[in-house]
Every structure is written in structure tokens, then in C-alpha cells.
Amino acid sequence: MRIIIEPDPEQAARRAARMVALRVRNGPALVLALPTGNTPLPMYAELVRQQRERGLDFSRVAVFGLDEYVGIAPDDPRSLRACLWRHFLAQVNVQPDRCQGLDGSARDLEGECAAYEARIVAAGGLDLVVLGIGVDGHIGFNEPGSSLGSRTRIKTLTAETARANAGGFADPAQVPRLALTIGVGTILDARRCLLLATGSAKAAIIQRAVEGPVSAQITASALQLHPDARVVLDEAAAARLERADYYRETEALQSALPGSD
Ligand code: PGA
């Protein structure tokens with residue numbers, strides 16, 4: 001795991017955006033999986049800026065959404081697909097037919113999940129998965145207890161996660177308790193994982209995910225098993241890490257190596 005600590009949320013977002021942008025430049029036919037939530041918004045804003053000011057080209061990039069609410073149609077403004085479009089995809093030159101999301105209104109939800117996995121495989125697998133982290137340690141909607149080998153499937157959101165996601169709903173009681181999410185195993189199969197976390201509310205779970213044991217109770221800890229996982233943090237989210245000084249030292253030394261990105 002490569003732990004990158006930036007002074008504040010804006011610089012953490014810019015750092016994450018630079019990592020995504022570099023991959024887009026190096027391999028324009030990149031296959032990306034992208035999250036929703038509040039944390040990635042400044043990263044998306046920076047990517048939009050790079051497209052507008054530096055011509056960063058997303059026209060050949062394929063995008064898969066990480067997760068979706070059950071019972072919410074893709075064109076519903078409360079869907080996570082609509083949210084990703086609003087905050088990012090609509091503002092860059094992606095091709096809509098290269099952008100996919102899970103359909104939470106599908107009649108056959110298990111079939112929808114299996115088809116999504118097949119579409120990821122058909123696209124050549126995920127090159128880069130960008131992730132947030134929930135305060136319970138979830139990545140995607142892989143709540144505590146999710147198998148670390150899990151594939152795309154139906155999950156029940158914890159009451160805490162439903163509350164944290166109430167923003168898009170007029171009444172918090174309307175937040176669906178069922179969701180579809182790509183699995184932990186699906187994430188671990190990606191060529192690179194990039195987790196972005198900012199703010200003091202994430203400090204305790206980041207410490208457990210990064211420095212604690214690998215556990216299905218904290219699915220982000222599975223990233224410890226990934227050969228190319230990067231965790232970009234601001235100081236507030238990094239505040240509880242026991243080896244923060246070593247991570248800073250490592251980053252300073254290794255990022256100076258030729259060819260390092
Ligand atoms: P947040 O959500 O970025 O809004 O904190 C993260 C998550 O639940 O994965």
C-alpha cells in the first residue's frame with residue numbers, strides 16, 4: 001500500500017486527480033470504476049478543469065459506477081448513476097455509451113449483477129478503481145461482513161450508511177436499505193486501486209483499514225492484499241496513523257525515483 005498524505009482536502013483531491021489524469025493520458029482507453037459521495041467531488045472538479053484547460057481527453061475512457069440503490073431507476077435524479085453524471089461525467093467528453101452503471105430498478109437484480117461483472121470482463125477488466133471509504137470501512141457498498149472474495153451483488157446498507165447518504169433524498173427514511181455494489185473481489189481484481197479519504201471523521205477507520213488486520217468487518221482493509229493500492233489522505237484523515245512519519249519518508253524517497261508516478 002502506498003500512503004500519500006497531503007496537507008489539506010484540496011491538495012489531496014488534486015493529487016488523486018493527477019493520478020487519474022496520468023493514467024488517462026498514458027492509456028486513453030482506460031477502464032475506470034468511479035465512486036459517488038462527497039469526498040471525490042473536488043477530485044472530479046479538478047479533472048473537469050484539466051479537461052477544459054489542458055484538453056485531458058476522456059473520449060475513449062470506459063466508466064463503471066461502483067454501486068447503486070435498489071428500486072431507484074437510472075434516470076431518477078436520486079440514483080448514484082445520475083449523481084456521477086451530474087458531478088462529473090456530464091462535464092467531460094466521455095462517450096455516454098462507454099459509461100455504465102448498475103440498474104437498481106432491474107426486475108432480475110441477480111441477473112443485473114452477473115451481467116455487470118460480465119461487462120467488466122468484456123471491457124478487459126478494470127484498470128483503475130477509485131474509492132471512497134465509509135465510516136464503517138466500506139468500499140463501494142461492501143458493508144461489514146462482506147466476503148473479501150465477493151463479486152457484484154445485492155447488499156443491505158447499515159442504518160449508519162443509509163443516514164450518511166440521506167443527502168439526495170427529501171426524507172432520510174426514503175434512502176433504500178438495499179443496494180447493488182461491485183464486490184471486494186471485483187475491486188481486488190482491478191490493476192490499480194486508489195482510495196481517497198479526507199476529514200477527521202475518517203481518521204479512525206483509515207487507521208484500522210491501513211494498519212489493522214485484514215478483515216471482512218472493514219472491507220477497505222482488503223486493499224492491503226492488493227499489489228498496487230494507493231491511499232491518498234489529507235492530514236485530518238491521516239491523524240490517527242501510527243506510522244505516518246514512515247509513510248511520509250517513503251513517499252518522499254520513492255516519488256523521487258525515475259519513472260515514479
Ligand atoms: P463520503 O462517502 O465520500 O460521502 O464520505 C464515502 C462512502 O460512503 O464510500
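Where a number appears in this text, it was derived from the coordinates with a stated rule and is not lab data. Bear in mind the structure is a predicted one, so any value in this text is a computation, not a measurement. With ideal geometry, Cβ positions are generated from the backbone for all residues, glycine too; neighbour counts draw on all protein chains shown.
Take the alpha carbon atoms of the chain, find their radius of gyration, then divide it by 2.2 N^0.38 Å using N residues; give the quotient.
After normalising by residue count via 2.2 N^0.38 Å, the value is 0.95.
Let me check I've understood the local charge: for GLU117, count other residues with C-beta under 13 angstrom from its C-beta, Lys and Arg +1, Asp and Glu -1. What total comes out?
My count for the surroundings of GLU117 gives 0.
Can you give the net charge of the other residues whose Cβ lies under 13 Å from the Cβ of GLU249, counting K and R as +1 and D and E as -1?
Residues close to GLU249 contribute a combined charge of +1.
To one decimal place, what orientation-averaged projected area in nm² is obtained for the convex hull of the Cα set of the range 106-197?
6.4
Placing +1 at every Lys and Arg Cβ and -1 at every Asp and Glu Cβ, with all other atoms neutral, what dipole size does the range 22-176 have around its Cα centre, in debye to the nearest 20?
Using Cβ point charges on Lys, Arg, Asp and Glu, the range 22-176 gives about 520 debye.
Taking amide H positions as placed in the peptide plane 1.01 Å from N, state which residues far from PHE64 in sequence (5 or more) or on other chains have amide H under 5 Å from it.
Answer set, sorted by chain and number: LEU32, ALA33, LEU34, GLN100.
5 Å is the cut-off here: which amide hydrogens, built 1.01 Å from N in the peptide plane, fall below it relative to ILE218, excluding neighbours closer than 5 in sequence?
Close amide H contacts, sequence-distant or interchain: GLY145.
Hey, how much of the P(r) for the range 55-103 falls beyond 15 Å, as a percent of Cα pairs?
So the portion of pairs separated by more than 15 Å is 41 percent.
For a bin width of 5 Å, list the pair-distance distribution of the range 36-168 built from all Cα-Cα distances, rounded to whole %.
Histogram of Cα-Cα distances, whole percents per bin: 2, 9, 18, 23, 22, 15, 8, 3, 0.
Restricting to Cα pairs below 8 Å that are 6+ residues apart, what does the relative contact order work out to for the chain? Please round to a whole percent.
Rounded, it is 25 percent for the chain.
What net charge is computed for the residues neighbouring ALA21, neighbours being all others with C-beta under 13 Å from the C-beta of ALA21, Lys and Arg scored +1, Asp and Glu -1?
Value of the local net charge: +4.
Given the chain, what percent of its DSSP beta bridges are antiparallel, to the nearest 5?
Just about 25 percent of them are antiparallel.
Below 8 Å between Cα atoms, with a sequence gap of 6+, how large is the relative contact order for the range 1-110 in percent?
Across the range 1-110, relative contact order equals 26 percent.
When every alpha-carbon pair in the range 107-261 is counted, what percent end up more than 20 Å apart?
I get 54 percent for the Cα pairs in the range 107-261 exceeding 20 Å.
Can you give the charge dipole size of the chain about its Cα centre, rounded to the nearest 20 debye, using +1 on the beta carbon of Lys and Arg and -1 on the beta carbon of Asp and Glu?
Roughly 380 debye for the chain.
Mind listing the phi-derived Karplus ³J(HN,Hα) values for the range 237-251, rounded to whole Hz, using 6.51, -1.76 and 1.60 with θ = phi - 60°, and x for any glycine or proline?
6, 8, 4, 9, 5, 7, 10, 4, 5, 5, 5, 5, 4, 4, 5
For the range 166-183, take each phi angle, set θ = phi - 60°, evaluate the Karplus expression 6.51 cos²θ - 1.76 cosθ + 1.60, and give the result in whole Hz per residue in order, putting x for glycine and proline.
6, x, x, 10, 4, 10, x, 5, 7, 5, x, 8, 10, 9, 9, 8, 5, x
What share of the DSSP beta bridges in the range 119-221 is antiparallel, in percent to the nearest 5?
Around 55 percent of the beta bridges assigned by DSSP in the range 119-221 are antiparallel ones.
Suppose every Lys and Arg Cβ carries +1 and every Asp and Glu Cβ carries -1, with no other charges. What dipole size does the range 44-116 come out with about its Cα centre, to the nearest 20 debye?
Magnitude of the dipole: close to 420 debye.
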